[in-house]
Amino acid sequence: MSKIPQIREYGGRPVVMAEKMKYLDKKASMEYGIPDERLMENAGKAIAEETLRLAKDELGKAPAELKISVCCGRGNNGGDGLVSARYLASCGVSARVYMVEPKEAGYGALVVGNVQKAKDAGVPVSLVTRENIEGLLTEFQSSDMLLDALLGVSAVGKPVGPVRRIIQLMNKSARPIIAVDIPSGLSPDTGHHSGVFIIAKHTLTLGFAKTGLMAPHAQKNTGTIKVLDIGYPEQLIEEAAK
């Protein structure tokens, strides 16, 4: 078993493993009355705001000058990306979503709802298929920044299929990549990878830093790490430290 980094605090908050993160999300909903929809909305807005700050500080560009490609997976990490694209577009950014095709069971309700909200807000949402996937490289290279919202803390194992190829194309583009929660392909618990992973310039981790982000061997792939507040109550933050 890979060693779990033992750093207990980052960004003024506890560092947690993936299972604890899922537990805290459920507790936020069931005991504190914070629905998953609100957490996702808060996450997407916080990601968009930090992305705009980074674009201004590092690229010297205002929102209306920006082109950002947002790569979204099938799960809630992709939902966070969809919300962020909507907020970026509302600020004048040219934001486009590239969405991994659903499996036979389809997307979850949160993702479906946010696909529709993004479309209603005028955000172009393109399904990535085997036929069009190679064309993404040109789109990525013409962007100022890329958002990686492909895989979150629930992902296990090596990225496969279209997710694997999108990761490769994002890295190949040589554009600055901002990872949502964790760089796709990295283990949220250990920071190790199985060969295919996002090399991020920045990682915007949601609510709490994940243990894998703290691993010294992960630092070259996470870039700078910032913990974003997505609305957890103080009591839940305190419980996360136990």
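Annotations
- Looking across region 231-242, the residues that are in contact (Cβ under 8 Å) with a residue 60 or more places away in the chain and open to solvent by 10 Å² or more (accessible area, probe 1.4 Å) come down to G231, Y232, P233, Q235, I237, E239, A241.
- The listed residue being closer than 26 Å to L39 by Cβ, part of a helix (DSSP H, G or I), out of contact with any strand residue (DSSP E or B) (no Cβ under 7 Å at 6 or more places or on another chain) and of a type in the set (V, I, T), out of V83, V115: V83
- Evaluated against (1) in a loop (DSSP other than H, G, I, E, B); (2) hydrophobic (A, V, I, L, M, F, W, C); (3) open to solvent by 60 Å² or more (accessible area, probe 1.4 Å), L127 falls short on exactly one condition, (1).
- Pairs, first at positive phi and in a loop (DSSP other than H, G, I, E, B) in region 57-76, second open to solvent by 10 Å² or more (accessible area, probe 1.4 Å) and of a type in the set (K, R), C-beta under 7 Å, six or more apart: none
- Residue within region 87-108 that is closer than 22 Å to G231 by Cα, in contact (Cβ under 8 Å) with a residue 60 or more places away in the chain and within 17 Å of the chain's Cα centre (by Cα) present: no
- Flag for F140 being within 16 Å of the chain's Cα centre (by Cα), buried (at least 18 other Cβ atoms within 10 Å of the Cβ) and of a type in the set (A, V, I, L, M, F, W, C): no
- No other residue among P216, P188 is open to solvent by 20 Å² or more (accessible area, probe 1.4 Å) and farther than 25 Å from R96 by Cα apart from P216.
- Of the residues screened, S90 is one that is farther than 21 Å from M170 by Cβ, open to solvent by 30 Å² or more (accessible area, probe 1.4 Å) and of a type in the set (S, T, Y).
- Count of region 197-209 residues which are under 12 Å from V180 (Cα atoms) and open to solvent by less than 20 Å² (accessible area, probe 1.4 Å): 9
- Pick from region 93-112, criterion of a type in the set (A, V, I, L, M) and assigned to a loop (DSSP other than H, G, I, E, B), ranking: surrounded by the fewest Cβ atoms within 10 Å (Cβ to Cβ): A105
The values are calculated or read from the model by the stated rules, or taken from the named source; none is laboratory data. Everything numeric here is computed off the predicted structure, so don't read it as measured data. Counting neighbours? That spans all protein chains shown, and the Cβs are built from the backbone with ideal geometry, glycine included. Side chains are part of the model used for accessible areas, which takes the heavy atoms of the whole protein and leaves out ligands, DNA and RNA. Shrake-Rupley method; radii C 1.70, N 1.55, O 1.52, S 1.80 Å.
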